[in-house]
Amino acid sequence: MRLRAGRWVALLAVAAGFAHAQVFYVGDSGDGTIKRVDLAGNVSTYATGFAHVYGLAADPGGSLYVSSTTAHKVSVIDPSRNVTDYATNFPTNSNLLGMTFDAAGNLYVADVSIGVYKVLPGGSASLWGTSMSYPHDAAFNDAGALYVAGGYNPMVVYSVSSGGSPSLFASVSFTSSFSAIDFDRAGNAFVSDAHGAILKITPAGAASTFLTGYNITDLVIDDSDNIYFTSGTTIYMATAAGTVSTFAAGFSNLTSITLATSVPEPATMAALLGALAFMAAMGWRRSRRRT
């Protein structure tokens, strides 16, 4: 039977191995690289020349955004791996850490020294959220609410209004700081601290220890509620039940991780579209011969 053009695209993409898939990007501050890790744990270098990468975020178009504690800016890597400055109007004493996008394409960047910045599409940054203790990371839950993790004795998580006003969501008395935050499908927050634990915080704000024993720098949760976290030279995966296994190893010094949807590079997409055009033309010629 004849297939619609959309089905030709899907079949060609799958047959050629070009179908979109989820991939991880990690910041390796040990060698100044961003590395790409597929779901099978295969590692490749994606970009070089970055130092002290503590924040990564991906947009729906396949671009990757990178924050640095020393460069005082957010860079963007497009799907062709071209690196440009995205947001630069941060103060020289800024320490940019974790960041996240909202549905409108605004980027929220945690600055442990100052507060939370809101970066509009196009790269204009302004101080948006203050009165938060040592913000380290930010994340949205599935309902679209923004939470910021940080603090130091106590460790705290804030719920932040659309106008940037924070309210205390959870507090844990401990001489440490929360370093990363993400949410599962049920709305539970999972936060890591500098002493090697991941805590689970329910939507009601009740905190409990989920796992311990790792020097965790960042974490991300996939659609199946598996938690992937970076620790030293290794990426680990923890199931929703708390079973931990090694996902990928052999890095230098991992400091950040994000989960993204891979997009074919322009040359690959051009080849795919060229093949589609050829097959569509052949189908049209065959249909002409039958009439």
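Can you tell me which residue in the stretch 234-263 is surrounded by the most Cβ atoms within 10 Å (Cβ to Cβ), limited to those that are touching a residue at least 40 places away in the same chain (Cβ under 8 Å) and of a type in the set (S, T, N, Q)? Selected residue: SER256. For LYS73, the criteria (1) without any contact (Cβ under 8 Å) to a residue 12 or more places away in the chain; (2) in contact with an Asp or Glu (Cβ under 7 Å, 6 or more places away or on another chain) hold in every case but one, which is (1). Only residues that are surrounded by fewer than 13 Cβ atoms within 10 Å (Cβ to Cβ) and either touching a residue at least 24 places away in the same chain (Cβ under 8 Å) or of a type in the set (Asp, Glu) (or both) were counted across the stretch 90-108, and they come to 1. No other residue among VAL160, VAL220 is in contact with an Asp or Glu (Cβ under 9 Å, 6 or more places away or on another chain) and under 21 Å from ALA57 (Cβ atoms) apart from VAL220. Taking the criterion of being within 20 Å of VAL116 (Cα to Cα), out of contact with any Ser or Thr (no Cβ under 6 Å at 6 or more places or on another chain) and aliphatic (A, V, I, L, M), the residues of the stretch 164-199 that qualify are LEU168, ALA170, ILE181, ALA189, VAL191.
Conditions (1) surrounded by 22 or more Cβ atoms within 10 Å (Cβ to Cβ); (2) touching a Leu at 6+ places or on another chain (Cβ under 9 Å); (3) assigned to a strand (DSSP E or B); (4) among the charged types (D, E, K, R), marked per residue:
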{"residue": "ALA110", "(1), (2), (3), (4)": "yes, yes, yes, no"}
{"residue": "TYR117", "(1), (2), (3), (4)": "yes, yes, yes, no"}
{"residue": "LEU127", "(1), (2), (3), (4)": "no, no, yes, no"}
{"residue": "PRO135", "(1), (2), (3), (4)": "yes, yes, no, no"}
{"residue": "ALA138", "(1), (2), (3), (4)": "yes, yes, yes, no"}
{"residue": "ASP142", "(1), (2), (3), (4)": "no, no, no, yes"}
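Results for (1) among the hydroxyl-bearing types (Ser, Thr, Tyr); (2) under 22 Å from ALA139 (Cα atoms); (3) modelled with pLDDT under 95, shown as yes or no for each residue.
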| position | (1), (2), (3) |
| --- | --- |
| ARG7 | no, no, yes |
| LEU11 | no, no, yes |
| PHE18 | no, no, yes |
| GLN22 | no, yes, yes |
| ALA57 | no, yes, no |
| GLY61 | no, yes, yes |
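The one condition from (1) free of Cβ contacts under 8 Å to residues at least 12 places away in the same chain; (2) within 24 Å of TYR86 (Cα to Cα) that SER167 does not meet is (2).
The values are calculated or read from the model by the stated rules, or taken from the named source; none is laboratory data. Keep in mind the model is a prediction, meaning the values are calculated, not measured. Here Cβ is always computed from backbone atoms with ideal geometry, including for glycine, and neighbour counts include all displayed protein chains.
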